[in-house]
Structure formats: C-alpha cells, structure tokens
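Working notes for the structure below.
The values are calculated or read from the model by the stated rules, or taken from the named source; none is laboratory data. Remember, predicted model here, so these are calculated numbers, not experimental data. Here the Cβ positions follow ideal geometry from the backbone for every residue, glycine too, while neighbour counts run over all protein chains shown. With ligands, DNA and RNA removed, areas are computed over all heavy atoms of the protein, side chains included. Shrake-Rupley method; radii C 1.70, N 1.55, O 1.52, S 1.80 Å.
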Amino acid sequence: MSSNAPLLEVKHLSKKFADSEPLKDINCVVRQGEVISIIGPSGTGKSTFLRCINRLETPSGGQIFFHGEEMTDDSAVIRRMRQKIGMVFQSFNLFSNLNVLENIITAPIMLKNVDRSAAIGSAMNLLEQVGLTQKAVSYPDELSGGQKQRIAIVRTLAMEPEIILFDEPTSALDPSMVDEVLSMIRSLAMKNYAMMIVTHEMRFAENVSDRIFFMNDGIIYEDGTPKEIFHSPKRDATKIFINRLKTYEKIFDNDQIDFAGIQGEIESFAHKQFMSSRRNMTLQLIFEELVYELLIKRGRDIFPVEMKMLYNETLEDCEVKVSYSGEKYNPLDDSDNLSVTILNGIIKVSEHKFDGKNFLNLKCK
C-alpha cells in the first residue's frame, strides 16, 4: 500500500494530434507504493497517457511533476527522470541483436555508469528471481512471448525505478502465457513498487490494484477503489463499461459437479449481461456439450478444467475460453461425435493450443 508522499502529480495534461485529442484534461496524484490500473474503452488515450508521463509523447499542455520537480522539455531533465520511471511495453521492445543479459545490463551501464561486473551480478540475481537464469545467453527470437515480457520487466527493474508504467503488458501474448506475466506483476505489487498499469485483464486489475482509473472522453472519468469501480461505480459510462466486461468463471476439479446448479449460474450470468435467449442457450450448450460431455466425462487426467465465459454487449460478441490438463487433446477434432456436430452449429471460430496445458477458445455465432 502507498504512503502519503506524492510521487507523481499530473495537472491538466492534454495531448492533441492532427486528427484527434485523446487527452483533454488529465489530473491525478500517484503516491509511493501505489498500484493503479487504468481501464476504459479502446481509443480513450490510456497508452498515450503513459507515454506522456515518460515523455515518449510530448504533451500539448499541462504539467507533470515527479517528486515535486516538474518534468520540463529539457532533455537532461527528461533523461534523469526516466531513470526512475520504468516503462514496459506490450510489444516487449527487446534489442533483437543482443542476448538477454546484454539487454538487461546495457541501460544501467550506459545511463547510470554502473560497473559491468556489478550490472551482470544484479541482472543474474533478477533472472534467478523470475526463474530465467538459463536464458541469460539466449536471444529474443529464442524466447516465448511470456519469457520476452518477463525479460522486459527484468530490464526495467535493473534500473531500480520508483514507478513502473505497464502499457497493456499481456495484450501481445498467447492465452497460455498471460498468467506467468500477471503473476510477476503481482509479486512486484507485494514489494511496494508504484505501478500504473493499462490493462484489459479486469479480474487482475481488481485483485492487484489500490485504485482504478476509468478513462473516458479524454479525462479520468472516475477514480476509485477496485470495489467502488467494479461493484458500485457512480457514473453512467463506468457502469456501462463494467457491465460489458464482466465474466463468468468456473473451475472443475473432478467429475462430481452440480450440473443443474451450473446451468442456473450461466443463466443468471446471461441475465445480468442482458443477453438474448439465443445467447444464453449457446452458452448452455457449450457448457453441456463441450465442458461436460467431451471433457469432464473423459477421465481423471483432464482436471482441473477451467471455463471462462465473456460477453461484450457493444460488439455483441460471445466468447468461451476453456483450459484443461492432460495430453494434447482437441475434442472438436472428432467430427463424427454428436456433441461436436452440435458445437459446430453454434460457434464460428475455434482455436486450440497446447503448451503444457490445453487451451480452447471458442467464438459464438
């Protein structure tokens, strides 16, 4: 949790491009050790906000203060402050011509004049903490997406920042890699790092944050605790956004399940999201034919089975994500199975991936 000392203060920040004005009047204070998640519809300036803080974008107006000192246009001031304001990008931004170790130690050596041997020692210690010491001499193209993002975070930590800005750190990752990155960010939150996180992972934002900024129409439209924003938002646009993004999740540890009870929960979820009867029936069938008939009845090696149902009212888009253990197995490959025939009639896209676990993603018609 944060202390009362202001770390970062933003006053009347604005940013105009030739054809848009993503930031109109941003005002906020971030305190030491505080974790803030920034959520909101696409195109509302969330990433631009972070890039202005770190001066990767030049603001059109307003002021940014770090430890009470204004971040001016002076390049020397910007370089000095950037050493304490880390940035993690959605696309990793690792140097492809450098191995992992060199990616981590280059900035401390060049910008902070850290002795090379000390920089290497610190880097190896950080890599050990995230379980990636064996990747020290690997190059970025030899890493998975999740490993690249964890290395990008380690590279930021090597500069010993006081605040870390995360710009949608999981958006470029396969579903199987998201959890490992979110777990690392959670661990940083427990170590009292101040963080500002642009994210679409709502459950993660709710669990890790001290405060939530909901951005809309170029401003911080609503600022509150996770409980306030996700469960009792005060303003209309926030209420609409949160309702659109809520999900239904269930984990099955064995085949002893309350079938009728789950059906009732799905129906209640569909009702809360104002889904049509057809959408409700689609989710019911996916649970019954895929999760129950093809997975839960398959055998003990499949558990745990995790099911997540998502509905976006604006896009009228319904999605079901299922993960399960065991050997590589895509139940939809059996085209002669009646359950598969039923499922093929109600889904428009299916994607199966295997990475130690099975991940099945279905988009409904």
note = accessible surface per residue for the range 190-268, probe 1.4 Å, DNA/RNA/ligands not counted, whole Å² -> 52
remark   = The simple spin-label model distance between A172 and K328, using points 7 Å out along Cα→Cβ, in nm, is 2.6
request  = Relative to the longest principal axis of the C-alpha atoms of the chain, give the angle of the C-alpha long axis of helix 100-112, reported between 0 and 90° and rounded to the nearest 10°.
outcome  = 30
key: Theoretical FRET efficiency, 1/(1+(r/R0)^6), r = Cβ-Cβ of D317 and T133, R0 35 Å, to 0.05   = 0.25
remark   = Taking a ≥ b ≥ c as the square roots of the eigenvalues of the Cα gyration tensor, with a/c under 1.5 meaning rounded and otherwise prolate when a/b exceeds b/c and oblate if not, the range 94-143 is oblate
query = Once both axes come from the Cα atoms, what is the angle between helix 116-129 and the longest principal axis of the chain, in degrees from 0 to 90, rounded to 10?
reply = 20
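Evaluate the charge dipole of the range 3-66 about its Cα centre and quote only its size in Debye, nearest 20, assuming +1 on the Cβ of each Lys and Arg and -1 on the Cβ of each Asp and Glu.
Details: 8 positive and 6 negative charges, 13 e Å.
Magnitude of the dipole: close to 60 debye.
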query = Under 18 Å Cα-Cα from K135, which aspartates and glutamates qualify once same-chain neighbours fewer than 8 residues away are excluded?
reply = E102, E180
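Between S350 and H271, what FRET efficiency comes out of the Förster formula 1/(1 + (r/R0)^6) with R0 = 25 Å and r the beta carbon distance, rounded to 0.05?
Working: r = 26 Å, r/R0 = 1.04.
In this case the efficiency is close to 0.45.
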message = With +1 on the Cβ of every Lys and Arg and -1 on the Cβ of every Asp and Glu, and nothing else charged, how large is the dipole of the range 8-163 about its Cα centre, in debye rounded to the nearest 20?
response = 80
ask   = With the calculation restricted to Cα positions, what are the radius of gyration and Dmax of the chain in angstrom?
value = 22.8, 68
note = Two pseudo-spin positions, 7 Å from Cα along C-beta at N254 and at A18, lie apart in nanometres by 6.5
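For the pairs K112/K353; K84/K250; K234/K357; K84/K148; K328/K365, note any where the Cα-Cα span goes beyond 31 Å. Don't skip to the end; give the middle numbers.
Working: K112/K353 43 Å; K84/K250 41 Å; K234/K357 40 Å; K84/K148 22 Å; K328/K365 26 Å.
Cα-Cα > 31 Å for K112/K353; K84/K250; K234/K357; rest within.
Residue separation times 0.36 nm, minus the C-alpha to C-alpha distance between K191 and S144: what's the value? Mind dumping the intermediate values first?
On the way: separation 47, 0.36 × 47 = 16.92 nm, distance 2.58 nm.
Difference between extended and current length: 14.3 nm.
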ask   = Around F303, what is the net charge, scoring Lys/Arg as +1 and Asp/Glu as -1 over all other residues with Cβ under 13 Å from its Cβ?
value = +1
task = Kindly work out what percent of the DSSP beta bridges joining two residues of the chain are antiparallel, to the nearest 5.
result = 75
key: Neighbour net charge for M71 - beta-carbon separation under 10 angstrom, K R +1, D E -1   = -1
task = Only loop residues by DSSP count here, and only those with at most 11 other Cβ atoms within 10 Å; note down the GluC sites (Glu not before Pro) in the range 304-344 that meet that.
result = E316, E327
note = Tilt, helix 145-157 to longest principal axis of the chain (alpha-carbon atoms), in degrees rounded to tens, equals 30
Neighbourhood charge, 12 Å Cβ-Cβ cut-off, centred on Q263 and excluding it, Lys, Arg +1 and Asp, Glu -1 = -3
inquiry  = Please flag any cysteine in the chain that has no other cysteine's Cβ under 4.7 angstrom from its own Cβ.
reply    = C28, C52
query = V29 to D336: FRET efficiency via 1/(1 + (r/R0)^6), r the Cβ-Cβ distance, R0 51 Å, to the nearest 0.05?
reply = 0.25
request  = Run the accessible area of the chain with a 1.4 Å probe and give the carbon-and-sulfur part as a rounded percent.
outcome  = 47
inquiry  = I'd like the distance separating the alpha-carbon centroids of the range 290-365 and the range 165-233, in whole Å.
reply    = 27
message = Students often get this wrong: which residues of the range 15-33 have the backbone nitrogen under 16 Å from the point 7 angstrom along Cα-to-C-beta of E228?
response = 27-31
key: Rg(Cα) / (2.2 N^0.38 Å) computed for the range 1-141, rounded to two decimals   = 1.22
note = The simple spin-label model distance between K365 and K239, using points 7 Å out along Cα→Cβ, in nm, is 3.6
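Where the only charges are on Cβ atoms (+1 Lys, Arg; -1 Asp, Glu), what is the dipole of the range 126-276 about its Cα centre, to the nearest 20 debye?
On the way: 16 positive and 24 negative charges, 63 e Å.
That gives a dipole near 300 debye.
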